[in-house]
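One structure is given here, and the rest of the page talks about it.
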Amino acid sequence: MLEVRGLEVTYGGIRAVKGIDLKVGAGEVVALIGANGAGKTTTLKALAGLLQPKAGRITYKGADVTGKPAYHLVRHGLALVPEGRGMFPRLTVAENLAMGAYIRHDAAGIAADTERVCTLFPRLAERREQLAGTLSGGEQQMLAIARAMMGRPQMLLLDEPSMGLAPLMVQKIFETVRMIAAEGVTMLLVEQNARLALETSSRAYVMESGCIVLADDAKSLLSNPQVRHAYLGE
Amino acid sequence: MDIFAQQLINGLVLGSIYALVALGYTMVYGILGLINFAHGDITMIGALVALTILQGLAAAGLPAPVLLVIAGGGAMIVCAALGLSIERVAYRPLRRAPRLAPLITAIGVSILLQYSAALVWGKQYIALPKLLEPSAIDIAGAQLTTLQLAIFLLACAIMAALLWFIKTSRMGRAMRATEQNPDVAGLMGVNTNSVIAFTFVLGSAIGAIAGLMIILYYGIGHYFMGFMLGLKAFTAAVLGGIGNVGGAVLGGLLLGVIESLASGYIGDLSGGVLGSNYRDIFAFLVLVLVLVLRPSGLLGQQNGDRA
């Protein structure tokens, strides 16, 4: 589904991603873990078309999409839920959801999907007419995921969905993530909470200062002593 | 004749024109954080194009409303194309530049438009051919001409339509989303460059209508007329809270009323020392007071990075 070869990205004059390879098959959930500042978010931003890669090649659904803008990629089913949720703070919850369906023109399908995400997240349904900026962090994260689903993506890039949330909310968000994955949406999940990420994914890459240093099955990584020591706090 | 009622009417009519121009400033500021100082001059081009069309067709014997629609339509097309080109050529290459660069560019574009207009139309005042037979309605001891009424109603209709469009349409929502978070708007599939270009086209076309209204109202056009009009509309936008579309409407109407009332009474208040030709002082007095007392404007956000 998505294949990356020799990706290099500079961010603010720093070489944040130094030539990485990674691959996500259709229907797979792959995690990208690593410490703060390892280059995970920069990688996702380049994949989603928000940052121009300096070198390397990104292939999505068999086509070279290196350097294509975000609005082009999302029309081909590749969506990013950005770090920090990326709300439109002065749009209402309903309007944020409508923005998620911006690329679609099937009014009936959009209405059905709006109902679906509202059933999935009753909290959003209650706050439909409220401005997104007034929601709590957890509610904003729900809205960010719900909004991405409104575009019916084939592949979802998720950046730190657990960041800044209370444990109970993290559970709720990850339940939803697993449910979306079960519907067959391909996922690349960036997460600082390595245990949660590895428990959710089938394969994972470990990133350290701009390079991928490990790639393996999530299960093997969970029992890998090096990973356990560095990322699972054992 | 009641001075107060008369100046209130004059002020509302003038203010509705200011509001139309202020909308162009505020929409571009909202989406780009740029004060497009060329906007007043785009309005001037619209006015002169409309004037030229009216002069050219004056002898054709068409009924006045048809003439006005042709003149307004022509001015809108020219201004929309102008706004689109200016955004593409002058502002888009500077999208990631420090904020000062596009601001200075805007002043450059403004001067370019003024002197281009001077080349095309000359530097003299151009008079509007006689089109309309003025008739007036008496209201509370004041006179409201049919032209004033038409300008005010059309301006209000345009403003209401614009507010409705921004609030409810898919494009309007994309404009607001781009304004609040351009990167994420891109992630939703919005081509933000097109949205920005559309904003310029919309603001410029509305400016063209305002230009037509100005020449109908004053009966005269000039290559430099966009300068003062632009500054006043900018003041109106700041008064309402720049970046806020409803604020531009409110600010424009208020500024028109303040200016008219003040110029109506300035002679009496200053014992005849200052005449109503000092009216322009008031707009800038308002600008200074707003910037000192409430920099975010009447409807602007108090927090955040605005104005």
Under the Debye formula (equal points on every Cα, no solvent term), log10 I(q)/I(0) of the protein assembly as shown at q = 0.09, 0.12 Å⁻¹: -0.75, -1.08
What Kirkwood radius, in Å to one decimal, follows from the Cα pairs of the range B:19-225? 18.1
Could you tell me which helices of chain A pass both thresholds, a Cα extent of 18 Å or more along their own axis and a mean Kyte-Doolittle hydropathy of at least -1.0, with helices taken as whole DSSP H runs? A:107-120, A:137-150, A:167-182
Filtered pair list for the protein assembly as shown (Lys only, Cα < 24 Å, 8 or more apart or interchain) has a length of 22
Please list the equivalent ellipsoid semi-axes of the range A:1-135, computed as the square roots of five times the alpha-carbon gyration tensor eigenvalues, in descending order and whole angstrom. 31, 18, 14
About the Cα centre, charge dipole magnitude for the protein assembly as shown (Lys/Arg +1, Asp/Glu -1 at Cβ), debye: 880
One finds, for B:Glu133 and B:Ala5 with R0 = 30 angstrom and r their Cβ-Cβ distance, a FRET efficiency to the nearest 0.05 of 0.80
Please give the charge dipole size of the range B:203-307, origin at the Cα centre, charges +1 on K and R Cβ atoms and -1 on D and E Cβ atoms. Round to the nearest 20 debye. 120
Neighbour-count ranking [beta-carbon atoms within 10 angstrom, fewest first] of B:Thr192, A:Thr10, B:Thr43, A:Thr42: A:Thr10, B:Thr192, A:Thr42, B:Thr43
With a sphere of radius 12 Å drawn around the Cβ of A:Ala70, what net charge do the other residues whose Cβ falls strictly inside it have (Lys, Arg +1; Asp, Glu -1)? +2
Please get the size of the charge dipole for chain A, origin at its Cα centre, with Cβ charges of +1 on Lys and Arg and -1 on Asp and Glu, quoted in debye to the nearest 20. 420
With the 8 Å Cα cutoff and a minimum separation of six or more residues, chain A has a relative contact order in percent of 28
Which order do B:Phe152, A:Phe88 fall in if you start with the one that has the fewest other Cβ atoms within 10 Å? B:Phe152, A:Phe88
Within chain B, helix-based [θ] at 222 nm, where runs of 4 or more DSSP H residues each add -39,500 (n - 2.57), nearest 500: -24000 deg cm²/dmol
Per-residue Cβ counts within 10 Å, from other chains only, averaged over A:41-50: what number is that? 1
Cβ-based exposure ranking for B:Trp164, B:Trp121, in which fewest neighbours within 10 Å come first: B:Trp164, B:Trp121
Here the net charge surrounding B:Leu255, from other residues whose Cβ is less than 14 Å away from its Cβ (Lys, Arg +1; Asp, Glu -1), is 0
Once amide H atoms are built 1.01 Å from N in the peptide plane, which residues 5 or more positions from A:Val213, or in another chain, come under 5 Å H to H? A:Val206, A:Met207, A:Glu208
Helix B:170-180 sits off the longest principal axis of the Cα atoms of chain B, rounded to the nearest 10 on a 0 to 90 degree scale, by 70
Within 14 Å, Cβ to Cβ, of B:Met228, how many net charges do the neighbouring residues add up to if Lys/Arg are +1 and Asp/Glu are -1? -1
Once R0 is set to 35 Å, what does the formula 1/(1 + (r/R0)^6) return for the Cβ-Cβ distance between B:Lys123 and B:Lys167, expressed as a FRET efficiency to the nearest 0.05? 0.25
Gain in span if fully extended, A:Arg104 to A:Thr10, counting 0.36 nm per residue against the direct Cα distance: 30.5 nm
In µm²/s, what is D for chain A at 10 °C and 1.306 mPa s, where D = kT/(6 pi eta Rh) by Stokes-Einstein and Rh is the Kirkwood radius from Cα pairs? 88
C-alpha long axis of helix B:245-269 to longest principal axis of chain B, angle in °: 30
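Every number in this text was worked out from the coordinates using simple rules, so none of it is lab data. In this text, all values refer to a predicted model and were calculated from it rather than measured experimentally. So basically every Cβ, Gly included, is an ideal-geometry build from the backbone, and we count neighbours across all protein chains shown.
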